[in-house]
Amino acid sequence: MLRFVLKRILIALPTLLIVSILVFGLQKLLPGDPVLALAGEERDPETLARLRELYRLNDPIWMQYLHWLGDVLKGDLGMSLRTNQPVLVLIAEKLPVTLQLATMSMIFAMVIGIPAGILAATRKNSWIDWICNVVALSGLSIPNFWLGIMLILLVSVNLGWLPASGYESFFVDPVRSLQTMLMPSFVLGTALAATLMRHTRSAMLGVLSSDYIRTARAKGLPGRVVVLGHAFRNAVLPVITLSALLFGELIGGAVLTEQIFTIPGFGKLTVDAVFNRDYAVVQGIVLCIAAGFLVMNLIADILYAVFNPRLRTEL
Amino acid sequence: MSVAAEGLAPRARSRAWGKFRRSPAALVGLAIVGFFGLLALAAPLLPIADPLATSWTAIRQAPSAAHWLGTDELGRDILSRMVWGARASLAAGVVSVAIALATGVPIGLLAGYFGGFTDMAISRFTDALLAMPFLITAIALAAFLGPSLMNAMIAIGLSAMPIFIRLTRGQVMAVKKEDYIEGARAIGLGHVAIMTRYVLPNIVPPLIVQATLTVATSIIAEASLSFLGLGQQAPAPSWGSMLNVAKNFLSQAPWMALWPGLAIFFVVMGFNILGDGLRDALDPREH
């Protein structure tokens with residue numbers, strides 16, 4: 001098992017290295033002289049030369065990359081041009097907000113998506129299956145930012161039930177925190193619920209047609225025991241690992257959701273950084289998210305192997 | 001081989017078409033996509049108002065006989081902006097996927113066909129690209145390239161590329177083991193000829209399915225980027241940028257937010273249903 005884990009880590013490391021090269025390469029996409037972008041209104045040749053020296057822009061590009069990578073490994077992701085704070089501090093401040101949103105969305109998606117998938121699979125080709133499929137297809141097709149706007153219009157503007165925007169830390173005021181996060185996590189969780197439902201359904205259909213399920217039914221076990229005790233336990237594993245892999249989609253969707261509900265999280269930080277042309281922050285965010293995604297991937301792989309020993313030798 | 005290529009393929013194709021035609025859902029998807037496609041193509045010919053013409057006497061008017069879908073904050077006709085916006089959305093979907101196919105398929109072909117070190121290097125590169133979430137990558141790229149519809153399409157296309165690299169690679173690895181590839185090699189054909197004449201035509205069906213489904217995600221991505229101000233720039237209409245403005249007038253003019261969202265929803269649903277239908281028709285496992 002230890003060898004398996006080490007092997008997965010050894011595969012993940014070069015991937016992370018390539019991510020770092022790509023993220024570093026992003027800044028080279030900027031049109032024009034990066035020093036002029038950094039200097040803003042400043043056009044004094046001496047200042048420009050000093051900036052060029054400071055950012056090592058006279059060095060060959062691979063030297064620039066190695067310096068940058070060295071800084072990143074020391075935990076230095078650069079400084080925000082706007083707030084003059086270290087990028088890492090900015091990210092660490094916003095992360096808990098987005099994690100709360102992501103966790104609530106994931107819980108919502110699992111609570112809706114998995115039971116719906118089981119129900120649809122056990123009643124294949126019935127009207128329940130049909131409704132579940134149509135709802136899932138709609139969930140996948142609806143742009144989540146539009147769903148957010150419509151919910152604000154209905155629930156906040158017309159009915160006045162929930163606040164349209166704002167954020168409160170769960171540890172300061174839990175009730176208010178849940179109130180403000182309810183709509184955003186519903187919005188963000190919709191597409192995920194749809195994806196989970198579809199995967200649960202197909203995983204369950206695969207398991208339900210297998211021999212051991214027929215045996216379980218043949219020996220007279222009640223339907224519920226067969227479905228939940230035997231079939232679901234075997235179908236749930238790919239669904240759980242899929243959930244880990246949906247993390248990236250969740251963070252991407254959070255950008256828009258936070259924008260609509262003015263939640264001061266990771267997504268808001270990204271959009272603000274993009275519009276302030278605060279490139280170090282954009283780079284830092286992409287790097288952190290990619291690293292987070294690789295870690296989630298690793299955990300998913302390991303979980304899979306823990307629960308399914310057959311895979312350990314194959315991978 | 002020529003018997004296999006010319007004799008069996010049309011039969012497989014007509015069988016797929018027969019299956020597709022008998023699926024009501026797939027036809028509904030095709031109809032939705034066709035409707036929006038015609039609307040986008042015919043935009044200059046339709047008897048609708050100029051999508052950019054402002055009118056200070058007709059600001060934020062609810063739907064009426066004069067303006068079927070109402071007017072926006074500058075008094076522009078929303079119906080006309082919706083029709084012209086369909087061009088931006090569909091162009092974004094199709095062009096992005098074309099970029100993703102044009103870059104992803106050749107790279108995947110190389111990885112799957114040659115294997116070994118080429119495959120390993122390309123696979124690690126693809127893993128790295130897949131580790132960066134689609135929308136975040138598109139936003140970052142659009143930010144670094146500068147906001148415009150064309151740059152949004154490039155950003156979305158490049159973000160979707162790894163999906164096609166991985167799909168192509170997997171398909172090529174399966175096809176590579178077939179006897180006819182062995183035969184082509186035995187008669188002395190070069191790598192390029194084998195890849196383009198024998199491998200590529202045999203991996204087209206799954207690519208069509210994935211391309212259709214990716215058009216759907218690309219349209220949502222374009223709307224998202226335009227909504228954030230990183231796509232189509234004012235005053236040119238796009239459904240995403242219309243929603244961006246509409247969210248400021250929710251209580252005064254809710255119709256401004258209703259139509260573009262519904263349009264995105266239906267067109268994306270159309271592509272999703274079409275993709276599912278194509279998968280059922282083209283997937284050999286279903287036969």
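The values are calculated or read from the model by the stated rules, or taken from the named source; none is laboratory data. Values in this document were obtained by computation on a predicted structure and should not be read as measured data. Glycine also receives a Cβ, built like all others from the backbone with ideal geometry; neighbour counts cover every protein chain displayed. Protein only, heavy atoms only, side chains kept; ligands, DNA and RNA dropped before computing areas. Shrake-Rupley method; radii C 1.70, N 1.55, O 1.52, S 1.80 Å.
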*Sequence neighbours fewer than 8 away in the same chain don't count; with that in mind, list the aspartates and glutamates whose C-alpha is under 20 Å from A:Lys28.*
A:Glu53, A:Asp59, A:Asp71, A:Asp76, A:Asp278
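When ranked by the protection proxy of mean other Cβ atoms within 10 Å per residue, highest first, what sequence do the peptides B:30-36, A:96-102 form?
Details: B:30-36: 17.1, A:96-102: 21.0.
Packing proxy ranking, top to bottom: A:96-102, B:30-36.
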_Can you give me the long-range amide H partners of A:Met79? Hydrogens built in the peptide plane at 1.01 Å from N, cutoff under 5 Å, separation of 5 or more residues or another chain._
A:Val87
_Length-normalised contact order of chain A in % [C-alpha pairs under 8 Å, at least 6 apart]_ = 25 percent
*the range A:186-299 - Rg (one decimal) and Dmax (whole number), Cα, Å*: 20.2, 67
*Can you give me the Cα centroid spacing of the range A:130-170 and the range A:99-129 in angstrom?*
17 Å
*What average number of partner chain Cβ atoms lie no more than 10 Å from the Cβ of the residues making up B:114-126?*
2
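Please give the per residue volume of the convex hull enclosing the alpha carbon atoms of the protein assembly as shown, rounded to a whole number of Å³. Don't jump to the answer; show the numbers that get you there.
Values: hull volume 126.1 nm³, N = 602.
Value for the protein assembly as shown: 209 Å³ per residue.
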*A:Leu99 versus B:Ala102, label points 7 Å from Cα toward the beta carbon: distance in nm?*
4.3 nm
*Taking each pair of different alpha-carbon atoms in chain B once, compute 1/r for the pair, average those values, and report the inverse of that mean as the Kirkwood hydrodynamic radius in Å to one decimal.*
20.9 Å
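Just checking the output field for A:142-155: average partner chain Cβ neighbours within 10 Å of each residue's Cβ? The partial results should precede the final answer.
Working: counts 7, 14, 2, 11, 17, 2, 1, 10, 6, 0, 4, 6, 1, 0.
Taking all residues of A:142-155 together, the mean is 6.
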_Given R₀ = 56 Å, what would the calculated FRET efficiency be for A:Asn84 paired with A:Leu228, taking r from the Cβ atoms and rounding to 0.05?_
0.50
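Under a 1.4 angstrom probe, counting protein chains only, how are B:Asp276, A:Asp211, B:Asp179, A:Asp76 ranked by accessible area, largest first?
Working: B:Asp276 35, A:Asp211 105, B:Asp179 125, A:Asp76 75 Å².
From most exposed to least exposed: B:Asp179, A:Asp211, A:Asp76, B:Asp276.
May I ask you to derive the FRET efficiency for A:Ile61 and B:Leu189 from their Cβ-Cβ distance with R0 = 51 Å, giving the value to the nearest 0.05?
Working: r = 40 Å, r/R0 = 0.79.
For R0 = 51 Å, the calculated efficiency reads 0.80.
Packing-wise, with mean Cβ within 10 Å as the measure, how do B:229-238, A:294-303 rank, highest first? It would help to have the intermediate numbers written out before the result.
Numbers: B:229-238: 21.3, A:294-303: 17.4.
Final packing ranking: B:229-238, A:294-303.
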*asked:* Using all alpha carbons of the range A:106-208, what is the percent of pairwise distances in each 10 Å bin, ordered from the shortest bin to the longest?
replied: 16, 36, 28, 16, 4
*Enumerate the calculated ³J(HN,Hα) couplings along the range B:45-59 in order (Karplus 6.51 cos²θ - 1.76 cosθ + 1.60, θ = phi - 60°), each rounded to whole Hz, writing x wherever the residue is Gly or Pro.*
8, 6, x, 10, 5, 5, x, 9, 6, 8, 8, 6, 8, 10, 7
_Neighbouring partner chain Cβ atoms per residue of B:32-39, average, 10 Å criterion_ = 0
*Just reorder A:Lys74, B:Lys19 by solvent-accessible area, largest first, 1.4 Å probe, all chains present.*
A:Lys74, B:Lys19
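Using a 1.4 angstrom probe with every protein chain in place, what is the largest-first accessible-area order of A:Leu95, A:Leu51?
Working: A:Leu95 70, A:Leu51 35 Å².
Per-residue accessible area, sorted high to low, gives A:Leu95, A:Leu51.
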_Label-point separation, A:Leu6 to B:Glu182 (7 Å along Cα→Cβ), nm_ = 3.9 nm
*Could you sort B:181-187, A:108-114, A:21-27, A:163-169 so that the peptide with the highest average Cβ count within 10 Å comes first and the rest follow in order?*
A:108-114, A:21-27, A:163-169, B:181-187
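Which value, in nm² and rounded to one decimal, describes the direction-averaged projected area of the C-alpha convex hull of the range A:95-314?
Values: hull surface 61.1 nm².
The number I arrive at for the range A:95-314 is 15.3 nm².
So what is the relative contact order for chain B, in percent, with contacts set as C-alpha pairs under 8 Å and at least six apart?
Numbers: 417 pairs, mean separation 73.6, N = 287.
Reported relative contact order: 26 percent.
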*For the range B:263-279, just list the computed ³J(HN,Hα) in residue order, Karplus coefficients 6.51, -1.76 and 1.60, θ = phi - 60°, integers in Hz, with x standing in for Gly and Pro.*
5, 4, 4, 5, 5, 5, 4, x, 5, 5, 5, 4, x, 4, x, 5, 4
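Given R₀ = 22 Å, what would the calculated FRET efficiency be for A:Leu221 paired with A:Asn125, taking r from the Cβ atoms and rounding to 0.05? Intermediate results must be reported in sequence, preceding the final value.
On the way: r = 23 Å, r/R0 = 1.06.
With a Förster radius of 22 Å, E is 0.40.
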